[in-house]
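What follows draws every value from the coordinates through simple rules; no lab data is involved. Just so you know, these numbers come straight off a predicted model, no measurement behind them. We place every Cβ from the backbone using ideal geometry, glycine too, and count neighbours over all the protein chains shown.
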Amino acid sequence: MRINEIFCSVQGEGVFTGTPSVFIRTSGCNLRCPFCDTRHADGEEMSVEAVVARAASFRPRHAVLTGGEPSLQRELPQLVEGLHREGFFVQIETNGTRPLPPSINWVTCSPKSMDSTVVRRPHELKVVYQGNEDLTPYEREFEAQVYCLQPCDTGNAERNATVLRAAVAYVLGHPRWRLSLQTHKLIGVR
């Protein structure tokens with residue numbers, strides 16, 4: 001597997017915000033999103049056993065598979081199985097463009113294009129909101145337990161404030177959605 005980094009922190013986004021977690025960041029992505037804020041191109045080859053052992057060296061038993069795009073790793077089913085053997089609850093953060101092993105405990109899908117998304121029934125749908133998108137297609141095309149709207153971090157404080165206000169207004173008018181902030185950035189942790 002090509003792994004960018006493995007570290008322990010608190011989950012900063014979505015339903016599990018604040019949950020102590022072990023993050024397994026894979027290298028590479030099949031999309032090039034202009035707002036991507038993650039350096040995921042670098043990495044080292046690691047065996048599934050080495051990844052599981054490193055993850056198990058931390059105390060939390062909530063693993064977050066992220067990237068890049070973790071579904072690009074052909075060893076993903078073996079990784080999920082190995083993490084389960086070590087007592088982990090396994091969450092994946094995916095763009096939804098590739099099928100996933102059914103044994104993953106929680107799927108957070110953040111689609112970037114309706115046309116290329118094959119994961120249509122995630123546990124959690126997370127839309128990175130630019131401030132003016134029509135979200136009706138997401139409600140029509142996806143069946144999720146939780147719908148999260150995450151204001152896009154544009155790198156510009158004034159624009160971020162505008163996007164945040166728009167996101168708050170949207171969730172207040174559309175209670176199916178909940179606001180998801182990138183709290184790890186707000187509190188200054190990875």
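Would you mind ranking VAL119, VAL15, VAL80 by Cβ crowding within 10 Å, fewest neighbours first?
By the 10 Å Cβ count, ascending, the order reads VAL15, VAL119, VAL80.
Could you tell me the center-to-center distance, by alpha carbons, between the range 52-85 and the range 123-150 in angstrom?
The range 52-85 and the range 123-150 have Cα centres separated by 26 Å.
Rounding to the nearest 10 and keeping the result within 0 to 90°, find how far the Cα-based axis of helix 157-173 lies from the longest principal axis of the chain.
Taking the Cα atoms of the chain, the angle to 157-173 is about 80 degrees.
For the pair GLU49/ASN132, report the inter-label distance in nm, with labels modelled 7 Å from Cα in the Cβ direction.
5.6 nm
Quick one: Debye curve from the alpha-carbon atoms of the range 132-190 only, equal weights, vacuum; give me log10 I(q)/I(0) at q = 0.25 Å⁻¹ to two decimals.
The computed values of log10 I(q)/I(0) come out as -1.10.
Among ARG121, ARG98, ARG85, determine the one that fluctuates most according to a GNM of the chain built with springs between C-alpha atoms less than 10 Å apart.
In the Gaussian network model the winner is ARG85.
Please give the charge dipole size of the range 68-147, origin at the Cα centre, charges +1 on K and R Cβ atoms and -1 on D and E Cβ atoms. Round to the nearest 20 debye.
160 debye
Which net charge results when you count Lys and Arg as +1 and Asp and Glu as -1 among the other residues whose beta-carbon is under 15 Å from that of PHE89?
Local charge sum for PHE89: -1.
Going by amide H atoms built from the backbone, whose H comes under 5 Å of the H on LYS126, apart from near neighbours?
Those lying under 5 Å, H to H, from LYS126 are CYS109, SER110, CYS148.
Between PRO151, PRO122, PRO77, find the one with the highest GNM mean-square fluctuation for the chain; connect C-alpha pairs within less than 10 Å.
PRO77
Between SER27, SER47, SER71, find the one with the highest GNM mean-square fluctuation for the chain; connect C-alpha pairs within less than 10 Å.
Result: SER47 has the largest fluctuation of those listed.
If you fit an axis through the alpha-carbon atoms of helix 76-85 and take the longest principal axis of the Cα set of the chain, what angle between them do you get, 0 to 90°, nearest 10?
70 degrees
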